[in-house]
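A quick write-up on the structure given underneath.
The values are calculated or read from the model by the stated rules, or taken from the named source; none is laboratory data. Remember, it's a predicted structure, so these values are computed and weren't measured experimentally. Ideal geometry is used to build each Cβ from the backbone, glycine not excepted, and the neighbour counts take in all protein chains shown. These area figures cover heavy atoms from the full protein model, side chains too; ligands, DNA and RNA do not enter into them. Shrake-Rupley method; radii C 1.70, N 1.55, O 1.52, S 1.80 Å.
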Amino acid sequence: MKKVLIIGNSEPAANHACLLEEAEVVVRFNNKQYKITPDHIKTTCLSIVNTGAVGHALLQDIRSNAFYSKAHTILFARSQRTHQNHLLHNPLRDQYPKEEAMDVSQWYEEEIVRDGKEVVRLSDELNQSCFRLIQSRTHRPFICPSSGFLVVWSFLNDARYKGYEKHVVGFSFKGWWGHPWEAEKEIMSELHRNNQLILHHCTLMDKAVYKARRLGQKIFR
């Protein structure tokens, strides 16, 4: 069976180099530096955040991304309309700048296409179904699904990959406070139990390590 490998931003608990070699589709995120093997940067799809200040920063210097040159497809997962509508009725809206829901990807799309890469966007409908699913599983307000969860959801619902085995590695379900981590973990674990995807264990980062990585500091083990 053909394989899709979706690689999160945390370190897998085991070496999945063989899985990386076997996968026909390899998806990575944002400016992730971790590699399953030190000398292998196989990537077919690079998903980049396309809303707000973080998206702007990532896209300004997209060619410096270690995986950009290898990727055939650049995926923009976030729907501006869905995010803005969600924020209108969100109790956290005063803690979240309105411009964070603005899509900045169109500023760079022409450049990406000129580099010979396909630009793909997840539809409003797919974004809305993802938001609704998470809202049904949590009573806590959240800003938006994580990039990883959105992309996993998209591959599960894409008819082109219906016959593919979906593998997910490097997902720790920890990070920015605005993502609904517990709900995402519950849903993904359920999908794993139902054989809709294979969720591989990952090494959970403690708070000190996570903070150090965000600040760009070296981590000594």
Q: Take the stretch 82-112 and flag every residue that is open to solvent by 80 Å² or more (accessible area, probe 1.4 Å), in a helix (DSSP H, G or I) and either at pLDDT 90 or above or in contact with a Pro (Cβ under 6 Å, 6 or more places away or on another chain) (or both).
A: Gln106, Trp107, Glu110
**Q.** Positions within the stretch 154-179 being in contact (Cβ under 8 Å) with a residue 40 or more places away in the chain, touching a Pro at 6+ places or on another chain (Cβ under 7 Å) and of a type outside the set (Gly, Ala, Ser), in sequence order
**A.** Val169
Q: Just give me the residues in the stretch 66-77 being at pLDDT 90 or above and open to solvent by 20 Å² or more (accessible area, probe 1.4 Å), in sequence order.
A: Ser69, Lys70, His72, Thr73
Q: Tell me which residues, restricted to the stretch 9-34, are modelled with pLDDT under 90 and within 16 Å of Ile74 (Cα to Cα).
A: Phe29, Asn30, Asn31, Lys32
Q. Only one residue in Arg114, Arg81 is closer than 17 Å to Cys45 by Cα and of a type in the set (Lys, Arg), so which one is that?
A. Arg114
**Q.** Condition check for Leu150: open to solvent by less than 70 Å² (accessible area, probe 1.4 Å), under 30 Å from Cys18 (Cβ atoms) and not basic (Lys, Arg)
**A.** yes
Q: Report yes if some residue within the stretch 120-139 is farther than 20 Å from Val25 by Cα, in contact (Cβ under 8 Å) with a residue 12 or more places away in the chain, of a type in the set (D, E, K, R) and not in a loop (DSSP other than H, G, I, E, B); otherwise report no.
A: yes
